[in-house]
1. Identify, please: which residue in the range 386-416 is free of Cβ contacts under 8 Å to residues at least 40 places away in the same chain and in a loop (DSSP other than H, G, I, E, B) and is, among those, least open to solvent (accessible area, probe 1.4 Å)?
2. Filtering the range 264-317 down to residues that are among the acidic types (Asp, Glu) and touching a helix residue (DSSP H, G or I) at 6+ places or on another chain (Cβ under 7 Å), which residue is nearest to Gly364 (Cα to Cα)?
3. Confirm whether Ala224 is more than 17 Å from Pro288 (Cβ to Cβ), in contact with a helix residue (DSSP H, G or I) (Cβ under 6 Å, 6 or more places away or on another chain), open to solvent by less than 60 Å² (accessible area, probe 1.4 Å) and at pLDDT 95 or above.
4. Starting from the range 148-173, keep only residues that are over 28 Å from Thr302 (Cβ atoms), then list their pairs with residues that are open to solvent by less than 20 Å² (accessible area, probe 1.4 Å) whose Cβ atoms are within a distance under 7 Å, requiring at least 6 positions of separation or different chains.
5. Test Gly120 against the criterion of being free of Cβ contacts under 8 Å to residues at least 24 places away in the same chain and under 29 Å from Arg32 (Cα atoms), and give yes or no.
6. Run Ala336 past the list (1) open to solvent by 10 Å² or more (accessible area, probe 1.4 Å); (2) among the hydrophobic types (A, V, I, L, M, F, W, C); (3) within 17 Å of the chain's Cα centre (by Cα) and report the number of the one that doesn't hold.
7. So Gly354 fits all but one of (1) of a type in the set (Gly, Ala, Ser); (2) modelled with pLDDT of 95 or more; (3) open to solvent by 20 Å² or more (accessible area, probe 1.4 Å); (4) not in a helix (DSSP H, G or I); what number is the exception?
8. Where in the range 85-158 are there strands (runs of 3 or more DSSP E), lying fully within it, with 3 or more residues that are over 20 Å from Arg316 (Cα atoms)?
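The values are calculated or read from the model by the stated rules, or taken from the named source; none is laboratory data. This is a predicted model, so every value here is computed, not measured. Virtual Cβ from ideal backbone geometry, glycine too; neighbours counted across all protein chains shown. Quick note on the areas: whole protein, heavy atoms, side chains included, nothing else; ligands and nucleic acids left out. Shrake-Rupley method; radii C 1.70, N 1.55, O 1.52, S 1.80 Å.
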Amino acid sequence: MKNRHLVCPLAAVTALALSACGLLPGDGDQTRTVSIWLMRDSVSEDFLQRFTTAYESQHAGVKLQFTIQDWTGIGKKVTGAIKGEGGPDVIEVGNTQVAQYAETDSLYDLTLESARDLGGEQWLPGLAEPGRIDGAQYGIPWYAANRIVIYNKDLFRQAGIAKPPTTRAKWLADTEKINDSGSQGIYLAGQDWYTLAGFIWDEGGELAVDQGGAWSGTLDSPAALRGMEVYKELQALGSGPKDADEQTPPQAEVFARGDVAQIIATPSAVAAITKVNPELEEKLGFFPIPGKQAGKPCAVFTGGSDLIIPENAPQRGAALDVVKALAGDKWQTELARAMNYVPNKSGLASVVQGREATSVMAVGAARGRATPNSPQWADVEADNPIKPYMTAVLQGEDPKAAAKAASKKISSALAE
């Protein structure tokens, strides 16, 4: 193996990355440095330190170099790295981004490792499916997060509700009951399209479908229209704006006032809520978004990350071993507990027992989905026609006509 001059990438790098950058003096050809790009806040410094120490002690002659990247502008940076020479060996990417990178024909096919070494048949569908392109697995699921219902226990109790609902019908009835008690049953902004996607999937619909290589928007299908009707019924039980999303204003801050019984959000919203109103911390409860039947939560959008290996990875063999470790049961357990993530396999859900919000999130993740697996889906989100469609329906326009117009825009964006 030839000696290579290794230089740390010009990105925000942890102290750990700085110490690990390059070859150790005296090791010569025997030391291989595996370069790994991770996204900011995906892991803690403590997790990286523990993983690195354990991994390097078990793999003589291998050094790990972690570089922390920012989400802003990452698409162009990753595309350049995987199409160039001597780029990173392992890259963390958003689960819905895998398709756009796979389109470059610059990713290593990990199908064999998925089945042979990583228990791919147990992966959460919302992470595994977007990493699979034309039957080949390019993205290895790493961690997941999804929306749940965060509720105020005091307001539920004051309305005479003893336990969280487990069906959609009971959820709607309980929310109306809370309104009757004088509090706001739920705050749901009119353009929370990820939540809408879950209702559409729960009804058997899709945002878009691939018809022989040509993608078409399908918001106007009967099933998708039923999902929008569910959203409209629930949104009407609160005073959320019909023409804004959940960040305008931030729904966590609205909930923190103390007079709203529920919001739909990821558990990360808890920190924002308690920062504004620390007294709510002991009053917060969590439950999966209810589905039509008890014991079967609503489908949810799964966010999270996959790990990819570029074809041009200088240390591809060693990179495979690193990915196997990061995505394997031991370090999945460590990561889930350290960061309150959902691990990549449904069978590992028990490792977050005792962490109420994360455990609830894991229940929903079993029915997780991802956005349409098209390389152009990012173009849809860039000028998202789903949001104005939702507002139009909530403000009284004909749902079928509005859905057809939005579907046409989706189809056009996916055809580019």
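1. Out of the qualifying residues, it is Gly396.
2. By that ranking, first place goes to Asp306.
3. Working: more than 17 Å from Pro288 (Cβ to Cβ): yes; in contact with a helix residue (DSSP H, G or I) (Cβ under 6 Å, 6 or more places away or on another chain): yes; open to solvent by less than 60 Å² (accessible area, probe 1.4 Å): yes; at pLDDT 95 or above: yes.
Here the answer is yes, as Ala224 does meet what is asked.
4. Leu155/Ile178; Leu155/Ala261; Ala159/Ile178; Ile161/Asp174
5. Considered against the rule, which asks whether it is free of Cβ contacts under 8 Å to residues at least 24 places away in the same chain and under 29 Å from Arg32 (Cα atoms), Gly120 comes out as yes.
6. (1)
7. The number of the failed condition is (2).
8. 140-146, 148-152
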